[in-house]
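One structure is given here, and the rest of the page talks about it.
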Amino acid sequence: MRLVRYGLEGHERPGALDAQGGLRDLSGLLADIDPQVLARGLPASLGAVDVERLPQVEGRPRLGAPLARPGKIVAIGLNYSDHAAEAGLPEPAEPVIFMKASSTLSGPYDDVPRPAGAEKMDWEVELGIVIGATCRSVSEDDALGHVFGYVAVNDLSDRAFQLERGGQWDKGKNFDRACPIGPWLVTADEIGDPQTLDIWLSVDGQRVQDSNTGRMIFGCRHLVSYVSRFMTLLPGDLITTGTPAGVGLGMQPPRYLRGGEVLELGISRLGSQKYAITR
Ligand code: ZN
């Protein structure tokens, strides 16, 4: 099922897309698409829902982030060898983990203001994994059975905050709207093998990232298992799995977002995002 949240920011309602791409209302069945609803067994209960019989939503309301208030966002760094190379860093022997705050979430068509003082704002299209069931030291064989679904993510950064201001990467990864997700949260049954998806991003119509999730160094199965050895993964947690080559940092000379650009990105079967960088 392709799940969405629609309506004004802060007042979104849960919905789903029907076979024709029409918007249907799920609010009669679910309060929201959030960790609480996922923990109460949403993955199982969705199986009984016939989307084609849900009420149709009139008009074309705004789509918000298709997941509300994740408890945590765990990001994987340097997970495509061509991106590690363009960043001038060795391919990691184990997954690199950093955290993004859930306050960074943004809708798939919402403009993103360049944060104050950000001179090196950059893009990273990534496949996001949404956890459906609690994982503690889950085995690789069982890992994907704990996944609720997948979502397209833009892991926005400011490279100066990330790399030139001391300490860890988190300073550059957590400004407001640094994590647009969506447009759809697609349940795992509709994706099948998550290592077969085309992934791309363009800036002002120029394709700069163009890869496939099959090129990850550490695949989704390994990442869910690996992260769950260091922290408990709870329903609604989001793991964003790293970006392929083609970010602004890797260009000669580097190309950073100044405000006024339009970003467009997408992943096979997960839809596409489009918005302007403002200021
Ligand atoms: Zn990233």
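The values are calculated or read from the model by the stated rules, or taken from the named source; none is laboratory data. Every value quoted in this text rests on a predicted model; they were computed, and no experiment measured them. Here the Cβ positions follow ideal geometry from the backbone for every residue, glycine too, while neighbour counts run over all protein chains shown. For the accessible areas, the whole protein counts, side chains as well, though only heavy atoms, and no ligand, DNA or RNA atoms are used. Shrake-Rupley method; radii C 1.70, N 1.55, O 1.52, S 1.80 Å.
Points to keep in mind about this one:
- Residue pairs meeting the criteria (Cβ under 9 Å; at least 6 apart or on separate chains; first within 12 Å of the ligand (Cβ to nearest atom) and open to solvent by 40 Å² or more (accessible area, probe 1.4 Å), in segment 237-263; second of a type in the set (A, V, I, L, M, F, W, C) and not in a loop (DSSP other than H, G, I, E, B)): Leu249/Leu163
- Ala44 meets all of the listed conditions (1) among the small types (Gly, Ala, Ser); (2) at pLDDT 95 or above; (3) outside any loop (DSSP other than H, G, I, E, B) but one, namely (2).
- Residue within segment 209-216 that is within 16 Å of the ligand (Cβ to nearest atom), surrounded by fewer than 18 Cβ atoms within 10 Å (Cβ to Cβ) and either modelled with pLDDT under 95 or charged (D, E, K, R) (or both) present: yes
- The set of residues from segment 165-179 being in contact (Cβ under 8 Å) with a residue 12 or more places away in the chain and away from the ligand (no atom under 16 Å from the Cβ) comprises just one member, Asp176.
- Test: Asp158 is at negative phi, among the acidic types (Asp, Glu) and open to solvent by 30 Å² or more (accessible area, probe 1.4 Å): no
- Any hit, segment 69-79, residues being within 18 Å of Val186 (Cα to Cα), part of a loop (DSSP other than H, G, I, E, B) and touching a helix residue (DSSP H, G or I) at 6+ places or on another chain (Cβ under 9 Å): yes
- Residues in segment 137-151 that are assigned to a strand (DSSP E or B) and not aromatic (Phe, Trp, Tyr) were compared, and the one that is nearest to the chain's Cα centre (by Cα) is Val151.
- Test: residue in segment 84-106 that is in contact with a Ser or Thr (Cβ under 6 Å, 6 or more places away or on another chain) and crowded, with 20+ Cβ neighbours inside 10 Å: no
- Residues satisfying the stated conditions in segment 94-117, i.e. within 14 Å of the chain's Cα centre (by Cα) and either in a strand (DSSP E or B) or on the phi > 0 side of the Ramachandran plot (or both): Met99, Lys100, Leu105, Ser106
- Residue among Asp176, Asp189 that alone is part of a helix (DSSP H, G or I) and open to solvent by 30 Å² or more (accessible area, probe 1.4 Å): Asp189
- So Ala133, is it open to solvent by 10 Å² or more (accessible area, probe 1.4 Å), modelled with pLDDT of 95 or more and not in a loop (DSSP other than H, G, I, E, B): no
- Scan of segment 71-82 for residues that are open to solvent by 10 Å² or more (accessible area, probe 1.4 Å) and more than 17 Å from Asp170 (Cα to Cα), ordered by number: Ser81, Asp82
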